[in-house]
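> Supplied in structure tokens, the structure appears directly below.
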Number of protein chains: 4
Amino acid sequence: MMKNTATLLITCPDRKGLVAAIADFLYSHDANILHADQHQDSENNLFLMRIEWDLNGFAIPVEDIPRHFAPVASRFEMQWQLKLSAKKPQVAIMVSQYDHCLADLLHRHQGGELNCDISLIISNHRHTEKLAAFYGIPFHCIEVTRENKAEAEAKQFALFDENRIDLIVLARYMQILSPDFVQRYPQRIINIHHSFLPAFVGARPYHRAFERGVKLIGATSHYVTEVLDEGPIIEQDITRISHREQVEDLIQKGRDLERIVLSRAVRWHIESRILVYANKTVVFD
Amino acid sequence: MMKNTATLLITCPDRKGLVAAIADFLYSHDANILHADQHQDSENNLFLMRIEWDLNGFAIPVEDIPRHFAPVASRFEMQWQLKLSAKKPQVAIMVSQYDHCLADLLHRHQGGELNCDISLIISNHRHTEKLAAFYGIPFHCIEVTRENKAEAEAKQFALFDENRIDLIVLARYMQILSPDFVQRYPQRIINIHHSFLPAFVGARPYHRAFERGVKLIGATSHYVTEVLDEGPIIEQDITRISHREQVEDLIQKGRDLERIVLSRAVRWHIESRILVYANKTVVFD
Amino acid sequence: MMKNTATLLITCPDRKGLVAAIADFLYSHDANILHADQHQDSENNLFLMRIEWDLNGFAIPVEDIPRHFAPVASRFEMQWQLKLSAKKPQVAIMVSQYDHCLADLLHRHQGGELNCDISLIISNHRHTEKLAAFYGIPFHCIEVTRENKAEAEAKQFALFDENRIDLIVLARYMQILSPDFVQRYPQRIINIHHSFLPAFVGARPYHRAFERGVKLIGATSHYVTEVLDEGPIIEQDITRISHREQVEDLIQKGRDLERIVLSRAVRWHIESRILVYANKTVVFD
Amino acid sequence: MMKNTATLLITCPDRKGLVAAIADFLYSHDANILHADQHQDSENNLFLMRIEWDLNGFAIPVEDIPRHFAPVASRFEMQWQLKLSAKKPQVAIMVSQYDHCLADLLHRHQGGELNCDISLIISNHRHTEKLAAFYGIPFHCIEVTRENKAEAEAKQFALFDENRIDLIVLARYMQILSPDFVQRYPQRIINIHHSFLPAFVGARPYHRAFERGVKLIGATSHYVTEVLDEGPIIEQDITRISHREQVEDLIQKGRDLERIVLSRAVRWHIESRILVYANKTVVFD
């Protein structure tokens, strides 16, 4: 049975009475709280909260929640988002030739791990077209060259608009997005980088890891910001390597990391578990 | 600067209004909440919470908190504990001949990682006496044989009473405690077992891990209950081994695991992060 | 460019002069040794070796290697296998309804990670038929009931014979094989068990892990022997869980483990890295 | 019983017949080979080997091994080192105020994990003097200022000479060594850096990890070269952190990593398991 819940994500200055005010608001309208998690950042005097409740039996109709919550939010100067489990996020995946992350996301989605609609796949190559077809996802090939970049992105924006895309996943998409692209979708573009950032920022991280002789390789999923590889980190993981492994082995082992680290980030975003502040993420579990 | 906080650990049937009632109680007495974390177990319809607040500026004197909180607790049928950071837990460590866990706990305590008093060390050998002396902890050698077990435990109980011991840590203490001992200190005895329980329950787990040819060895810290190695698990960790490693190597690698896994459990207990139910632990982070 | 190599896997009583004899044999016929790894088990007085050399420039034609090596082997009472990289192993995958391991193996195979032919897929359900078709692998649905088990296995054996199958991978195949089946393919059937064996031997390991309240879940790949879940362990890995995770979450997290742990075992087997003795494996890296 | 073994560490251009020549040399003098491991770096056409044999029954007296091996070495242009288990390395530990790595090394040494003599401890503070005394290791306080650095190092060199020091361990020694110091002890100074290099090169890595919002922190042990934090990496490990953890928590968690990562590097060096080439390490297991 599908659950029917609402989730509030709140960021505001830390003050006494905050939790009581939120709890009272929900309790007074008969909410059955399913999860609540909070975080205080004392250095920045910030309060961050995620609270999820069952909409069955909740006294306020969904469309009126914002109006009823507004006074509480205003009193505490809250930034807040309301997410409804019934409204699935619309996701676009962008990919180039390496298809392991794409195949992984599609398989997880089919298996029910990702509570979203994958509306479309955009690639600058035809390589993944059959895979998209197998999973029944519309596929758009938009080639990108130095000359046509703005034009290509315009086509991409049109597709995003048309499909009311909420989240863009760069599943090993090897083109750098323009500043305009990035600014249009703040905290709504997730990328996978094949190193444990901030080590090996930039291109060819596995080659550089091999040359440096590290004993661990990693992968990092992060929101895309205008500065390359500097956006808020959502998840990282590593695996051990030895002197016996060549660059090709690192690339192969890294694929498993990339799949897992990207899919976690996508899932957490879809489940409204992530709050961003100070170029960092809070991931509520 | 030492913080001066109170922490409530609460377990009760899950009902609407719980969080609001607790938050209202604290807010109405000017509490500055520092951390709050909760867990619902829907299968058992249980609500579990840990909430910590600053006592500076709190309107109720410490000694009156229980009286003021009692009506809330009673209304929701809560089991609850109140912990004060100013009142350090009194800890007894029991150890036999392997001293690595003891040395680790003493070093961490000295470095400020463990906010407790280590009141005494009890051993059935003299082996660790000098180590205890170096850290200035009273050392008691109580030999245990099949014949004198009851008598030996009586001496141990007397020491625990005298020192108002809150927590007993079995840091590789190789004697089995009597049922009487275990019943006296429910959820107040922490043991380290040198396997990833429930694999290799019982004696000589490293030898059996070697024979079975596992690729990982582990360690488990748990509360002691009457059934050997069956108590609620607090923490586990593992490390990878290969065919090159002999039993002695497993024992050596395992020591690092045992140290870390035991010290985490002790710290979490001391910081009142652990709630037990259904023979499992909730560890609030 | 494909490499063209030969690999010797050797097990014999440990004696002086072994390495010199093997090295002399290869050197005297102009072998260019690419990898050599050995292991001594002093307890069992066993010597185990894996040695791989380039066939380009090797003085003995491939088909004559056994005849030339026989005197060396005989002198040291060796059990030995010769593997040629040019002769790809023929693999059969058996699967029931959970398709994540199958999808993972097929995707890795397509991407070049597994140097084998996947000759066929056998399932007791139709669920994975389309997936098999997408990757172009012949699919055989053989239903198994209590009554027709012997008959069903006879069909399976016929398919294995016809396709000269070298390795059978149980990718979450939920039927117990008969003793006859197991005996036919010694050290040639790899299974994935969804726990860190020997914990949670048998059925429903995730449910039992949840009930026991462990802090880690694991997966184990092993060769199948007649005693269920007791065969030689090839690989294990674990992931951390918390009290927040329900059985469904364990199952989901476990899928990632199962995929990785099974695919490693299959790859190592295919690359002739595994030697079995004393119900354990040596995995040469 | 102490083993009495010899170990050869060899680096040379990769050529046919190498292994046969080494194996023949040992076999013809009745060596009982205990471990042999080799690595080919095809990119650099390098062959690296570690081979350990029992000196009981070996036909050549220890002092004559170099003379007998010289022709083999010369024929294949080998760089080689001969290590005897009977000749324990003499180790000096340098430390500043953080004493966790020092305490860990001393405890492991006492427990028999490190087959070396710890000849002396040098510190620029008096803080660890009592700890040194407890373990019975001579302690030398040599204060270092900007002005007296050369003089202080001269004192250190005198102590190293006097004690015939083979290995210098920087166990959180917070002074930068002069180029002269580093050049005197090539591949004989091991440092612990509190990050997964090359991330957070330089000072205050935990603070910078906290600011960057990484999800993992690490530690790296490496040989010291003239370029700070750029020497060959011996070992690395990481641990997971969350948004709940402040800089102090990172520092505390990091201590466990530092201890383990440094002690592994020291042990492997002492056991002659490490070969350095191309600013990387091969660690034979």
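> If packing is taken as the average number of other Cβ atoms within 10 Å across a peptide's residues, how do B:69-80, B:252-263 rank, most packed first?
B:252-263, B:69-80
> Another question about this same structure. For segment D:5-84, what is the largest minus smallest coordinate of the Cα atoms on each principal axis, given in angstrom and ordered from greatest to least?
39, 23, 20 Å, listed from the longest principal axis down.
> Just need the relative contact order of segment D:176-256 here, percent rounded to a whole number, with Cα pairs under 8 Å and 6+ apart.
About 31 percent, as a whole number.
> For segment B:77-147, just run the numbers: alpha carbon Rg, then divide by 2.2 N^0.38 Å, N being how many residues it has.
Taking N as the residue count of segment B:77-147, the ratio is 1.34.
> Take every Cα pair under 8 Å in segment B:5-84 that's 6+ residues apart, average their separations, divide by the length, and report that relative contact order as a whole percent.
For segment B:5-84, the relative contact order is 48 percent.
> How far apart, in nm, are two points set 7 Å out from the Cα along the Cα-to-Cβ line at C:R240 and at A:R240?
The answer from the label model is 1.7 nm.
> Let me ask something else about it. Across peptide A:272-281, what mean number of C-beta atoms from other chains lies inside 10 Å of a residue's C-beta?
Average neighbour count from other chains, rounded to a whole number: 2.
> If you take the beta carbon distance between B:R212 and D:S178 as r and set R0 to 56 Å, what does 1/(1 + (r/R0)^6) give as a FRET efficiency, to the nearest 0.05?
The computed FRET efficiency comes out at 0.60.
> How big, on average over all directions, is the shadow cast by the Cα convex hull of the protein assembly as shown, in nm²?
Values: hull surface 195.4 nm².
Its Cα hull, projected and averaged over all orientations, spans 48.8 nm².
> State, to one decimal in nm, how far the label point of C:D117 lies from the label point of B:S74, with both points 7 Å from Cα in the Cβ direction.
Calculated label separation equals 8.1 nm.
> Would you pull out the residues with amide H under 5 Å of A:N163's amide H, same chain only if 5 or more places away, H placed 1.01 Å from N?
Amide H neighbours of A:N163: none.
> Determine by what factor the alpha-carbon radius of gyration of segment D:90-283 differs from 2.2 N^0.38 Å, reporting the quotient.
That works out to 0.99 for segment D:90-283.
> So, R0 is 30 Å and r is the distance between the beta-carbons of D:A203 and D:E63; what FRET efficiency does that work out to, to 0.05?
It comes out at approximately 0.05.
> For q = 0.10 Å⁻¹, what log10 I(q)/I(0) does segment D:30-143 give under the Debye formula with an equal point scatterer on each alpha carbon and no solvent?
Treating every Cα as an identical point scatterer, log10 I(q)/I(0) equals -0.52.
> How long are the three semi-axes of the equivalent ellipsoid for segment B:123-232, computed from the Cα gyration tensor as the root of 5 times each eigenvalue, in whole Å, largest first?
Semi-axis lengths for segment B:123-232 are 27, 17, 14 Å.
> Within chain D, how many Lys pairs that are eight or more residues apart, or on different chains, come under 28 Å at the alpha-carbon?
17
> Using only Cα atoms, figure out Rg for segment D:191-233 and give it as a multiple of 2.2 N^0.38 Å.
1.11
> How about segment A:93-186: which GluC sites (Glu not before Pro) there lie in a loop by DSSP and see at most 12 other Cβ atoms within 10 Å?
When the GluC sites (Glu not before Pro) of segment A:93-186 are filtered for loop state and at most 12 Cβ neighbours within 10 Å, A:E143, A:E147 remain.
> For segment A:6-35, list whatever residues lose no less than 20 Å² of accessible surface once every protein chain is in place, relative to that chain by itself, with the probe at 1.4 Å.
In segment A:6-35, residues shielded by partner chains: A:K16, A:G17, A:V19, A:A20, A:A23, A:D24, A:Y27, A:D30, A:N32, A:I33, A:L34.
> If each DSSP helix of 4+ residues adds -39,500 (n - 2.57) and the sum is divided by the residues in chain D, what number results at 222 nm, nearest 500 deg cm²/dmol?
-10000 deg cm²/dmol
> Follow-up. Please list the non-local residues whose amide H lies under 5 Å from the amide H of B:S195, H modeled 1.01 Å from N, same-chain partners needing a gap of 5 or more.
Result for B:S195 returns B:T220.
> About its Cα centre, what dipole magnitude does the protein assembly as shown give when the only charges are +1 on Lys and Arg Cβ and -1 on Asp and Glu Cβ, stated in debye to the nearest 20?
So the dipole magnitude of the protein assembly as shown works out to roughly 0 debye.
> Say we join alpha carbon atoms closer than 10 Å with springs in a Gaussian network model of chain C; which of C:T145, C:T11, C:T220 then has the biggest fluctuation?
Between C:T145, C:T11, C:T220, it is C:T145 that shows the largest mean-square fluctuation.
> What residue among B:L46, B:L177, B:L114 has the largest mean-square fluctuation in a Gaussian network model of chain B, using Cα springs under 10 Å?
Fluctuation is largest for B:L46.
> Tell me the relative contact order for chain B as a rounded percent, counting alpha carbon contacts under 8 Å between residues six or more apart.
15 percent
The values are calculated or read from the model by the stated rules, or taken from the named source; none is laboratory data. None of these values were measured; they are calculated from a predicted model. Please note: Cβ atoms are built from the backbone with ideal geometry, for glycine as well, and neighbour counts cover all protein chains shown. SASA here: full protein model, heavy atoms, side chains in, ligands and nucleic acids out. Shrake-Rupley method; radii C 1.70, N 1.55, O 1.52, S 1.80 Å.
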